[in-house]
Amino acid sequence: MALWARQASRWRCLLQAARAADFPGRLRDSSTAQACRGLAPRALPPFPNDLLPWRLQACRRVSVGSCSPPDSAKDGAFPSPESTLPSPVRQEQAKAETLPDLNAKTLYEDWDDVPPSSALEEISEEEAVQIIAEPLLPLQSSTLRDYVDHSETLAKLVHLGVDLSQVEKRQKAGQLLLTLDFEKDIRKILLFLKDVGVEDNQLGPFLTKNPYILGEDLEALETRVAYLKSKKFGKAEIAQMVSRAPYLLLFSVERLDNRLGFFKNELGLNVKKTKDLVIRLPRLLTGKLEPVKENLQVCQIELGFQRNEIQQIVFKTPKILTASKKRLRQTFDYLHNIMGIPHHMLTRFPQVFNSKLLRIKERHMFLTFLGRAQYDPAQPSYISLDQLVSLPDEVFCTEIAKASIQDFEKFLKTL
């Protein structure tokens, strides 16, 4: 509104200047003395600076050439109004007729030169009511939910299937997402992941687990994939590893190479078996090495397995390297000391260490109650450890225990 007020003032000034161009005509209806007084500088209306020299010059010419009556007036005859003006004034009058056009041109130029309105200018109540103020973003928040409606990036990630409630629990992950632009920063990473082999319906869960990959340099990610290919990992194998271990591509080439070398040397595996090991459990490349080293020592020192036996156990059951040490000790103690399973049998069926200890106890006690707890392959009615832990309850009861599921359930109630 203040802008329009300034423009209206400019229009008024220019119109006053245009009316001033008709000043010689007013001389026709006024006395010579009045004309002289009207030419005084104090009586001039306000007008632009570019017209000021012309007006002063006109005033000087009229004052010098027309302050005394013309000769014809002395004879009592009055000439036409135009003839009463000196020729310089008539010339200036002719020039003044073109001033409106010049003033219009100046007006448009001034209009273009108008400075923008200031935020400090006053506005009317009507204009104030029409202003729609966007809600302010919180300066600090513990949840990304407050920013979703204001961030196109977060909205598109939610549409993609990313669980922001889980992302915000990860250190500095929320701040990272708020600084990224979807088109500039995120789209290229999504295309890269699809090219690696991550399925469309897995992009959301993948980014929920590892939002930090969105801040990685694309060239560095491509270099890490190229390294895996150089180690003879196939495209499908790389896709499987990346999907099952989302943090894999955050590791530098040097770190990936060190991890592969560690498992190859520590376990005494060849290149093919090392590759097969990390394909089946790719988080071995991304997890900490201290628990792995501790579990290897537990197997060798506390459980009494030989190096070659540990090698076989780990190759068949990689999860034993990341299992709880307490769970390993308790499971081994029950299998070896209570059930009497020797080391070489445990080496043949290491998957028993992945089973729940309660399940092993319940089934062993039920077989002992029935008199069928025989784990020596040289004896009749032999029951392998694999059959003991892997079969469903119905199959275990009918085929192994030779009893009904109801008998097994009743027995469990007595424990």
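Summary table below
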| item | result |
| --- | --- |
| Gain in span if fully extended, residue 257 to residue 172, counting 0.36 nm per residue against the direct Cα distance | 27.8 nm |
| With every protein chain in place, segment 276-415: carbon and sulfur % of accessible area (1.4 Å) | 51 |
| Residue order for 404, 390 - accessible surface, 1.4 angstrom probe, largest first | 390, 404 |
| Charge tally in the Cβ shell below 15 Å around residue 189, where Lys, Arg are +1 and Asp, Glu are -1, residue 189 excluded | -2 |
| Heavy atoms of residue 232: accessible area, 1.4 Å probe, square angstrom to 10 | 150 |
| Karplus-derived HN-Hα couplings along segment 305-316 (A = 6.51, B = -1.76, C = 1.60, θ = phi - 60°), whole Hz, x at Gly and Pro | 7, 7, 4, 5, 5, 4, 4, 5, 4, 5, 5, 7 |
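The values are calculated or read from the model by the stated rules, or taken from the named source; none is laboratory data. Predicted model, so just to flag it, every value in this text is computed and none were measured. FYI the Cβ positions are ideal-geometry reconstructions off the backbone, even for glycines, and counts take in every protein chain you see. Areas reflect the complete protein model, heavy atoms only, side chains present, ligands, DNA and RNA absent. Shrake-Rupley method; radii C 1.70, N 1.55, O 1.52, S 1.80 Å.
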